[in-house]
């Protein structure tokens, strides 16, 4: 590496020059490496320029003729007039393509694309397309293009990034593998897309697999099981047909509870306690039109009832207190809220009858936190990406959300692939 200084310069000038070098040098280094590697390989197989090997003395080539498929018998025919240019994660890679002539059919071709695993008209590497899509699901397409240019020195247009996202996005997400899941969370949210005033529904299924302590915090290991957009709940349940949950947590939506009972017969269902409290308050306050003070008092009794049930584990006492709360709610004139509690009864105290499965979603703060909190945070993250002040098209919002979900949970193309421990095949280092 050579550094040229025109007199005394400031730190800012050095920093700018170093960053410009860092954006261009890796691509140039890869281009030189490609040319050197292919030249050495052709010297070994076909022979050097000026003194080629006879056809019968040539080695079996690691490439094949693009005309007849032969892997033996070639003549060197110089370079193509224009260098091959390819945008990669390390910047633009340019290299001269050496040509060969097949003795069998006379076809002239350049084997560089076969040796590098690149398609004939490919302009960007697969890794760069995946990197661009990963960035585009966090920020707008134009901003992702600008970030790639500023930070990595790779010029990818917003339109190309959008095409990458559309190409990588599945229409729906199904489980990678069927099997048992301790806890299945089901919930949905609305996305501002399409001609309908209320948008389209994003339905999600998240599996809770384990709960581990990381320092002072307790983290839940979650797995993406299914996702649909613009489809009804039965479509998502069809994707989950091979999943065997130990417990299902729902938010109280009647259709969802009915489908869960029908599709997963015998699997216990737990009502999200946060949704239970929120739904009870909203119905008593705005549908029954009760005063704020009585509703706050009834809501406080519900909180105390659930906390006592969580700490004592006494199912019979919890049911008795719950019945008394329904009577007091009815007597206070909140008849719809009382009916809401009656309808939710079969799903409220499942955490007492099935404590093993329910323990995965309980917090460590001494109060019942059993609910769809993990899923709620995921849906808020999805909404932050799509709520940008415009109306999305349904294919566009589906592509962004499906890629974002797959990347977040290591699903599909982002699934980890364990590789055996081995020494790297390529090593770069600076030599003074």
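Read the figures in this text as sums done on the coordinates, not as results from a lab. Every value quoted in this text rests on a predicted model; they were computed, and no experiment measured them. Backbone-built Cβ (ideal geometry, glycine too); neighbour counts: all protein chains shown.
Using only Cα atoms, find the angle between the long axis of helix 126-136 and the longest principal axis of the chain, and express it within 0 to 90 degrees, rounded to the nearest 10.
40
For the chain, give the share of DSSP beta bridges that are antiparallel, in percent and rounded to the nearest 5; count only bridges with both residues there.
The answer is about 75 percent antiparallel.
Given (i) 5, 20, 26, 23, 17, 8, 1; (ii) 4, 21, 29, 25, 12, 5, 2, 1, 0, 0, 0; (iii) 4, 16, 19, 18, 15, 11, 8, 5, 3, 1, 0, which label gives P(r) over Cα pairs in 10 Å bins from 0, in percent as computed from the coordinates?
(iii)
So how far, in whole Å, is the C-alpha centre of the range 202-227 from the one of the range 137-188?
20
Report, in degrees rounded to the nearest 10, the 0 to 90 angle that the Cα long axis of helix 315-331 makes with the longest principal axis of the chain.
Roughly 70 degrees, rounded to the nearest 10.
How would you order 128-134, 103-109, 325-331 from highest to lowest mean count of nearby Cβ atoms within 10 Å?
Details: 128-134: 22.1, 103-109: 14.4, 325-331: 16.1.
Listed from highest to lowest mean packing, they are 128-134, 325-331, 103-109.
Which angle between 0 and 90 degrees, to the nearest 10, do you get for helix 254-263 versus the longest principal axis of the chain when only C-alpha atoms count?
The answer is roughly 70 degrees.
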